[in-house]
Amino acid sequence: MDLFSDHYITRDEQLSSRPSQQFNVVRRVYQQDVLNKDADYQVPDKPLSYRCKKAVKSCGFGECLLNSVPIARWLPRYSAGRDLVGDLVAGATTAVMHIPQGMAYALLAEVPPIVGLYMAFFPVLIYVIFGTSPHVSMGTFAVACLMAGKVVTQYSTHPDYANLLNATANVTTGGVIAAPQYTPLQVLSIVCLSVGFFQVIMWILRLGAVSTLLSEPLVSGFTTAASFQVLSSQLKDLFGVKIRKTGPNYKVVLVNLRQLEPLVSGFTTAASFQVLSSQLKDLFGVKIRKTGPNYKVVLTVIEVVKNLPSLNWAAVIISVITCLIIALNNEVLKPIVSKLSRVPVPVELLAIVVGTLVSRFGSLKEQFGITLVGNIPTGLPVPEVPPVELFPSVALDAFTITMVTYTISMSMALIFASKEKYEIDANQELLALGASNVFGSFFACAPICASLSRSYIQYQAGSKTGMTTVVSACLILCVLLWIGPFFEQLPRCVLASIIVVSLKGMFMQVKELRNLAAGLLASVGTLFCRSQKPYTCLLGRVLDTDLYLDIKRYRAAEEIPGIKIFHYCGGLNFASKNLFRSTLFRKIGYLKPTDTAQEEDNLTKSESFEWDPTIGHRVQCVIIDATALSYVDAPGIRSLVAVQRELATSSITVLLAGANGPVLEMIDRYNSLESEQLQLDTFPTVHDAVVYYKILTSRKDDPALTIVS
């Protein structure tokens, strides 16, 4: 608004008046080094001491405590009237699910079922203190237990395996080979400790952002494939067969394949089949030779097929009935009950209770040879230090488990956080999982992970805060202290059935593999095409301004005689350096189409060029516009050196304009290390470079000539 009138300038009037407005800016022509000196340029230097002081100054002890121990933030604000009922119902519901799932999934880790209940008590209490998601249910997870079970099988003491090794040694060398003197619980504890150690290290290094690098389709592919392995691991229990362990065959191949496990979904597919095969013997009640950790899926299926004539039909019938009941509940009854009540029917718990009662009063083991769970001790275990000398052996597998469990847990936490509109601290979750696993390792626990099914039921049951986990842990404690021995008569085929039916959701994700493959190909193809076809053009000056635009897109932009301004958008590195060089030479005319190409097809014509030795008569200066140059490495700078020297042979001056600070710093570092240095005059803008070159040439021709920009 004009200060001396009541007239208001409308937006249309402002826009219509802009083309007629002119602003004259008078300043000196800057070279980059002169501008750096005048503007007092310096490379940002933030030493560790500075960062530590800043962190301490901006975050007091109390604030750091609240950030590192979230329970100190939410517990004082806990409202019993608002949250207690929901937490009690959700905690009881989750505990009911913990019992059958914990006992079943512990079998995947090659340890007694009671370990699954330990995992539902010890580590989850630590997660309540450090975790930031109140809705995820931590504890046993099929894939994590299976991966840990592979390590347990490989390094723990198995009498059959020891006898096999000794028999082989007696035949070949006449000696005796001592079997590894580690129990399955000891091996499992060092795996858990190693996973916790890696997670704590990642927390210290603030690597929580790695969760964003693993997309949902990748995680789905992993869990889908792992479901097949879980299913294969249950074949022995489904069929009620016995297997004996074989030696570590194909070990060299296994070591090489293990390097690819975190990278390809093929590994996860094999993992899924392994879990399935491991349960076939219990589902069908047959006895099969136990396979080693290598090619476990294939060998287990082969053993089950060999032992089909000796099926335990009682185990098969129990497995079929149990699977049918649980499946009908999940597909038919659960959707109906969910509309009437937040608490689902605990069909898995009912299955193990009924199975235990039928086994106890029907004498299934004595009458039909059904394999039972066996001894379940009461009370809490005595903490023991894991065998840390095994850490180098299990480190690779432990790191794989670390990435899998953290990614799945973070994915689940983010889902509920999005629904309830709260934030999840990715780095704090690393501390929570790491501290939980370290603590749980002293009680022979497997690495914990968020369970999809339990977390969803816990959320649906009305969980409000971390108090849900406390309620669940207290109920699990009652089972550990008093109720555990009741389940000693439970048939293992019932647990195998619970595992197999729970895999249905992960099996259905197979449908997404096609989309995953298509998306992967499209993404890789797009990245490749974009890296091979960056945006490049020649710039021209618009009228009497300092604006330089693409001459193919702006008809008012005219090239300056004798000067070629080459604009390059993208990174200049080892992969794109040859493309940069050839594109630059074609754009400025140093490469021209060959005469023979005129008679050939369009494809050949566009790719057939020859050097033009007369370019020096038309072009005297090439300005490389680096305003859109995002990154440059040593091979990229070396290509600039080669370009400058090649053009210099035709008496063409090369200037660099608009490069950002990191690019210029990289050039300085390159020049300090390499003998062939890049000696280019650099300028903050293209216009500075143009005016500078005009001044330079005018001094050569007529020192008295004045250049008007």
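The values are calculated or read from the model by the stated rules, or taken from the named source; none is laboratory data. Note that this is a predicted model, so its numbers are computed, not measured. Here the Cβ is made from the backbone with ideal geometry for all residues, glycine too, and neighbour counts use every protein chain on show. Side chains included, ligands, DNA and RNA excluded: accessible areas come from the protein's heavy atoms. Shrake-Rupley method; radii C 1.70, N 1.55, O 1.52, S 1.80 Å.
The table for this structure:
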{"read-out": "Estimated distance in nm for a label pair at Asn578 and Leu324, the labels positioned 7 Å out from Cα along Cα-to-Cβ", "value": "6.6"}
{"read-out": "From phi via Karplus (6.51, -1.76, 1.60), per-residue ³J(HN,Hα) for segment 409-415 in Hz, x at Gly/Pro", "value": "5, 5, 4, 5, 4, 5, 4"}
{"read-out": "Charge sum, other residues only, whose C-beta stays under 13 Å from Val654's C-beta, Lys/Arg counted +1 and Asp/Glu -1", "value": "0"}
{"read-out": "Per residue, in Å², the accessible surface of segment 603-695 once ligands and nucleic acids are set aside, probe 1.4 Å", "value": "46"}
{"read-out": "Leu673-Ala517 pseudo-label distance in nm [points 7 Å out on the Cα-to-Cβ vector]", "value": "4.2"}
{"read-out": "Per-pair calculated FRET efficiency, R0 = 22 Å: Ser630 and Asn36 via Cβ, rounded to 0.05", "value": "0.60"}
{"read-out": "Protein accessible area in segment 369-517, 1.4 Å probe - carbon and sulfur %", "value": "65"}
{"read-out": "Chain lengthening between Val337 and Cys569 when straightened (0.36 nm per residue, less Cα-Cα)", "value": "77.6 nm"}
{"read-out": "Highest average packing first - 671-684, 92-105, 394-407, Cβ atoms within 10 Å", "value": "92-105, 394-407, 671-684"}
{"read-out": "His617 versus Asp550: modelled label distance in nm, points set 7 Å from Cα along the beta carbon direction", "value": "3.2"}
{"read-out": "Per-residue ³J(HN,Hα) for segment 622-632, Karplus 6.51 cos²θ - 1.76 cosθ + 1.60, θ = phi - 60°, Hz, x for Gly and Pro", "value": "10, 9, 8, 7, 9, 5, 9, 7, 7, 7, 9"}
{"read-out": "Charge context of Gly196, other residues only, Cβ under 15 angstrom, K/R +1, D/E -1", "value": "-2"}
{"read-out": "Segment 546-585, accessible surface, carbon-and-sulfur percent (1.4 angstrom probe)", "value": "52"}
{"read-out": "Solvent-accessible area per residue for segment 315-469 (1.4 angstrom probe, square angstrom)", "value": "46"}
{"read-out": "Solvent-accessible surface ranking, highest first, for Phe574, Phe580, Phe391 at 1.4 angstrom", "value": "Phe574, Phe391, Phe580"}
{"read-out": "Length added when fully stretched, Lys421-Leu75, from 0.36 nm per residue minus Cα-Cα", "value": "122.7 nm"}
{"read-out": "Gained length - Val43 relative to Ser68, 0.36 nm times residue gap less alpha-carbon distance", "value": "5.7 nm"}
{"read-out": "Residue-count net charge about Glu488 - beta-carbon cut-off 12 Å; Lys, Arg +1, Asp, Glu -1", "value": "+3"}
